[in-house]
Each structure stands twice: as structure tokens, then as C-alpha cells.
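These notes are about the structure you will find just below.
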Amino acid sequence: MENTRVHTSQVSVISDLKEITKMRLAISVVFSSVAGYFLGADSVDLLTVVMLSIGGYCLVGASNAYNQIIEKDLDLLMDRTRNRPVPSGRMSVNTAFVIASSLTILGLVILYLINPRTAMFGAISIFLYVSVYTPLKTKTPLSVFVGAIPGAIPFMLGWVAATGNFGIEPGTLFMIQFFWQFPHFWALGWWLYNDYEKGGFFMLPTGKKDKGTAVQIVLYTIWTVVVSLIPVFGLTGKLYITPFSAVIVLLLGLGMLYYAVKLYRDRDERSAKKLMLASVSYITLLQIIYVLDKLIRTWI
């Protein structure tokens with residue numbers, strides 16, 4: 001019986017650690033960074049990939065933990081967040097702060113060992129997310145614009161980790177993920193509007209589920225697709241995709257645009273959820289296509 005209680009307690013601790021660092025989100029961010037690394041690397045160093053993955057997870061996990069500390073009272077008001085470790089009382093604020101601080105230090109040290117620029121961009125990301133984006137969420141819809149900056153850093157961070165330099169290539173990767181976040185988060189904000197409203201969060205550009213918000217979602221979806229196709233024209237240095245890959249990216253983009261237009265037409269939660277899921281598929285598949293395109297060109 002005692003062993004069972006100990007095991008249950010250990011499982012609970014692990015579950016809370018996964019939740020306070022938002023493990024699934026953190027893994028998707030790490031995936032983005034690794035994709036950027038493969039795009040920038042002339043030859044793959046597995047140790048660097050491992051360090052980038054661990055360091056990136058630490059910083060994303062730390063950002064999420066700090067966020068949950070700051071918003072613990074607001075999280076308690078929303079259905080989807082009230083059972084998180086801190087607002088539910090399963091984890092104290094002090095414990096969460098120690099976890100967040102430890103992950104921050106560990107993450108920055110690991111990224112610095114890759115190269116100083118990688119650590120610098122990692123530090124910028126966590127600062128903007130915690131100190132600027134999080135407080136603005138209850139004050140202005142412009143918080144999404146601010147949050148899109150740290151949200152766009154991981155894709156370019158991988159390139160910087162591979163090369164130690166920042167130029168047009170990682171800048172383009174940044175732009176792709178930056179513009180993508182607007183339709184993604186606005187769709188999420190539309191879908192969960194009622195829950196966000198309980199916490200006092202302003203996620204939609206007009207503050208409402210209206211035609212103005214729907215129009216902006218469509219426009220930013222179009223711009224996301226356009227920016228994603230820039231590398232096919234050979235204007236972005238070493239970052240290039242073939243016309244064949246560009247056609248696939250375009251088709252994926254048109255699929256995402258279909259759901260954006262559907263949201264504009266129907267203006268309901270179901271359409272918003274479908275667009276949100278479509279946007280996740282778009283950015284994930286785009287990164288895979290970019291990497292595969294480079295690998296195939298290298299092998300040929």
C-alpha cells in the first residue's frame with residue numbers, strides 16, 4: 001500500500017511538471033528549432049541538436065511556468081486552466097518559481113555553450129514572453145503582436161545555433177512563423193472566446209468575434225502563405241526551396257486559407273477550431289517540407 005502511494009505521488013509530480021512546462025507545446029517549439037537547425041547546418045552535429053532540444057525545452061518550459069505563476073488567479077476563473085498545478089493548489093508559487101528559475105538558468109547555459117547568439121535570442125524570447133506579452137494579455141489585443149515575436153524566434157533560433165550568425169535566412173524563418181501566429185492565435189481566441197473572457201484576456205484584434213476580426217484572419221493567412229513562398233525565388237541567401245516544394249507549400253496554404261474563409265463566412269466556434277488545427281498542420285508540414293527539400297537537394 002505504501003509503495004502504491006509513493007508511486008502515485010511520483011506520477012502526480014511528473015504530471016504536474018509536464019503541465020507547468022506545457023510539454024506538448026514545448027516539444028512543438030523544440031521541433032521548430034531543430035527544423036531551423038537542419039536548414040542552416042552544412043553538416044549535422046548530433047550533440048548540438050541534443051543541446052538545442054534540451055536548452056530550448058528548458059526556456060519554453062520556464063516561460064510557461066512563469067506565465068502560470070503570474071496568471072494563477074486568472075487561470076482559476078477559466079475552465080481549461082483552473083486545474084493547472086498552481087491555481088489548483090497542487091504546487092506552491094515558490095516551488096513553481098524555483099522550477100522556472102532553474103530551467104531558465106539551465107536553458108541559457110546550454111544555449112550559450114552552442115554559441116552566444118543562440119543564448120541571446122533565447123534570453124530575448126523569455127524576457128518578451130514573461131515580462132511584456134503576459135502582462136499585456138489583459139490590457140490590449142496588441143499582446144498577440146508582442147507574443148508573436150518570442151513565438152517566432154524558435155524557427156530562426158535553430159539556424160543561428162547551426163551557423164552562429166543572423167542574416168536574411170533566419171530572418172525569413174522568423175517572418176514565416178511570425179505572421180503565421182496571427183491567424184493561429186486569433187482562431188484559438190475565437191474558439192475559446194467565452195473562456196478567455198472569464199479571465200479578462202483580449203485575444204481578438206477587434207475584441208469581438210465579428211467581421212473585422214474575420215477579415216484580418218483571412219488577410220494574415222494570405223500574408224503567411226506569401227511569406228512562406230519567398231525562398232523559392234532565390235532571394236533569401238542559402239535558404240531556398242525548389243518550385244516543386246513551393247507548390248506543395250502553396251497547396252497547404254490554400255487549405256489553411258479555405259478554413260480562414262470558412263470562418264469569415266460562418267463566424268462560429270467550430271470553424272475557428274478547424275482553422276486553429278489547420279494552422280498547426282500547416283506550420284508543421286511546412287517545416288518538414290523545407291527540411292526534406294534541402295536534404296533531397298543535398299543527396300542529389
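The values are calculated or read from the model by the stated rules, or taken from the named source; none is laboratory data. Quantities reported herein were computed from a predicted structural model and do not represent experimental measurements. Here Cβ is always computed from backbone atoms with ideal geometry, including for glycine, and neighbour counts include all displayed protein chains.
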Next on the checklist: Contact list please: Cβ distance under 9 Å, first residue in the stretch 286-300 and assigned to a helix (DSSP H, G or I), second residue surrounded by fewer than 14 Cβ atoms within 10 Å (Cβ to Cβ), pairs at least six apart or on different chains.
Outcome noted: D293/F244
Next on the checklist: Restricting to the stretch 194-215, count the residues that are within 20 Å of the chain's Cα centre (by Cα) and not in a loop (DSSP other than H, G, I, E, B).
Outcome noted: 1
Next on the checklist: List the helices (runs of 4 or more DSSP H) inside the stretch 75-127, counting only whole elements, that have at least 3 residues being surrounded by 14 or more Cβ atoms within 10 Å (Cβ to Cβ) and over 20 Å from the mean Cα position of the chain (by Cα).
Outcome noted: 85-88, 93-114
Checklist entry - Could you give every pair whose Cβ atoms fall below 7 Å, whose first residue belongs to the stretch 79-91 and is touching a residue at least 24 places away in the same chain (Cβ under 8 Å), and whose second residue is part of a loop (DSSP other than H, G, I, E, B) and surrounded by 12 or more Cβ atoms within 10 Å (Cβ to Cβ), counting only separations of at least 6 or pairs across chains? => result R80/L192; P85/M91
Checklist entry - Is there a residue in the stretch 18-29 that is farther than 29 Å from L136 by Cα and either in contact (Cβ under 8 Å) with a residue 12 or more places away in the chain or part of a helix (DSSP H, G or I) (or both)? => result no
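Report whether or not L173 is among the aliphatic types (A, V, I, L, M) and within 18 Å of the chain's Cα centre (by Cα).
Criteria met by L173.
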Checklist entry - Would it be correct to say that T134 is modelled with pLDDT of 95 or more, part of a helix (DSSP H, G or I), within 18 Å of the chain's Cα centre (by Cα) and of a type in the set (S, T, N, Q)? => result no
Checklist outcome for this item: Filtering the stretch 248-276 down to residues that are loosely packed, with under 14 Cβ neighbours inside 10 Å and under 24 Å from P154 (Cα atoms) yields none
